[in-house]
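The values are calculated or read from the model by the stated rules, or taken from the named source; none is laboratory data. These numbers were taken from a predicted model, which means no experiment stands behind them. Glycine gets a Cβ as well: all are built from the backbone with ideal geometry, and neighbour counts include every protein chain shown. The protein model used for the area step is the full one, side chains on, heavy atoms only, and it has no ligands, DNA or RNA in it. Shrake-Rupley method; radii C 1.70, N 1.55, O 1.52, S 1.80 Å.
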Amino acid sequence: QHMAKILSIDLGTTYFKMSLFDRNGRLCDTRCIAPPIAAAQAGYVELPADAFSNVIAQGIAELRNRSGGDLCDVEAVTFATQTNSFVLLDARDRPLTPLILWPDRRAAQLEEEVRRRCDLPGFSSTTGFSRINFQCMPAKLLWLQEQSPQIWRRASKLCLIGDYLTFLLTGQRAIEAGAAGLTGLVDIHRCQWYPEMLAEFEIDERRLPGIVRAGSDLGP
């Protein structure tokens with residue numbers, strides 16, 4: 001009888017790693033795939049949404065094939081993630097943008113504007129940030145509002161890369177608290193989105209996933 005397994009998906013910046021562990025924490029098998037990151041223009045760092053799901057599916061399929069074509073002993077799926085990498089979805093859950101990854105530099109010219117919008121009383125004590133920079137998601141959302149307003153108006157959901165994985169696997173809209181906190185948009189003491197910062201960056205909270213603690217069961 002096989003020991004129950006955990007499938008872990010590591011959404012690294014350079015490689016995605018799909019790994020199987022047993023209940024004792026022993027690594028049973030792993031696959032490592034470089035996602036096809038592209039640059040539409042100089043400074044852009046993007047991953048097409050369909051390529052994202054294809055790489056995940058490919059890695060899991062390779063694990064399944066190497067285990068004899070059966071992953072029925074997998075009892076849980078979990079992930080590790082980068083943050084400030086995100087995608088916008090429309091009202092029918094279709095991607096409006098590629099995944100815009102955190103090293104992307106398109107918002108570099110907005111650094112001073114971003115800094116000004118973070119000049120709130122209590123910003124640092126509420127978010128745990130001294131300031132956020134152009135590589136953080138809010139700066140790129142500001143860029144999209146200015147450069148692609150038609151896409152911003154159509155955006156119904158905002159998913160960070162780990163949230164998008166969760167959404168594809170379970171249909172649930174949730175973000176892990178640590179990943180959320182690293183956007184600079186969270187009241188880390190209340191573990192909730194920070195309304196004053198959302199207002200500064202003109203982000204409707206209804207577009208955002210709910211914040212949950214690591215280890216929360218998001219369903220089958």
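Suppose the chain between Ser125 and Arg26 were pulled fully straight at 0.36 nm per residue; how much longer would it get relative to their current alpha carbon spacing?
Using 0.36 nm per residue and subtracting the Cα-Cα distance, I get 31.7 nm.
Length gain on complete extension for the stretch Cys191 to Asp93, per 0.36 nm per residue less the alpha carbon to alpha carbon distance?
Residue separation times 0.36 nm, minus the Cα-Cα distance, leaves 32.7 nm.
Excluding ligands, DNA and RNA, what is the solvent-accessible area per residue of the stretch 69-220 at a probe of 1.4 Å, expressed in Å²?
Spelled out: the 1.4 Å probe surface of the stretch 69-220, per residue, equals 48 Å².
Per residue of the chain, what 222 nm ellipticity follows from adding -39500 (n - 2.57) for every DSSP H run with n ≥ 4, rounded to the nearest 500?
Calculated at 222 nm, the ellipticity per residue is -8500 deg cm²/dmol.
Please quote Rg/Rh for the stretch 170-209 to two decimal places, taking the Kirkwood radius as Rh and restricting both calculations to Cα atoms.
Taking Rg over the Kirkwood Rh, I get 0.96.
Could you state, as a whole-number percent, how many of the C-alpha pairs of the chain are farther apart than 26 Å?
It works out to 38 percent of all Cα pairs.
Arg66 versus Thr14, label points 7 Å from Cα toward the beta carbon: distance in nm?
1.9 nm
With a cap of 15 neighbouring Cβ atoms within 10 Å, and only residues DSSP puts in a loop, list the GluC sites (Glu not before Pro) found in the stretch 138-220.
Those satisfying the criteria are Glu202.
Can you pull a Stokes-Einstein diffusion coefficient for the stretch 106-184 at 37 °C (0.692 mPa s), Rh from Kirkwood over Cα pairs, as a whole number of µm²/s?
Answer, rounded: 235 µm²/s.
Express the carbon and sulfur contribution to the solvent-accessible surface of the chain as a percent, rounded to the nearest whole number, probe 1.4 angstrom.
Accessible surface attributable to carbon and sulfur in the chain totals 49 percent.
Using 0.36 nm per residue, how much length does the chain from Arg213 to Gln150 gain when fully extended, once their Cα-Cα distance is taken away?
So the chain would gain 19.3 nm between Arg213 and Gln150.
Pick out the long, greasy-scoring helices in the chain: whole DSSP H runs spanning 20 Å or more along their own axis by Cα, mean Kyte-Doolittle at least -1.0.
Membrane-span-like by this rule: 49-66.
Please work out the C-alpha center-to-center distance from the stretch 151-201 to the stretch 8-24 and express it in whole Å.
Answer, in whole Å: 22.
Over all alpha-carbon pairs of the stretch 138-182, lay out the pair-distance distribution in 10 Å bins, whole %, shortest bin first.
25, 42, 32, 1
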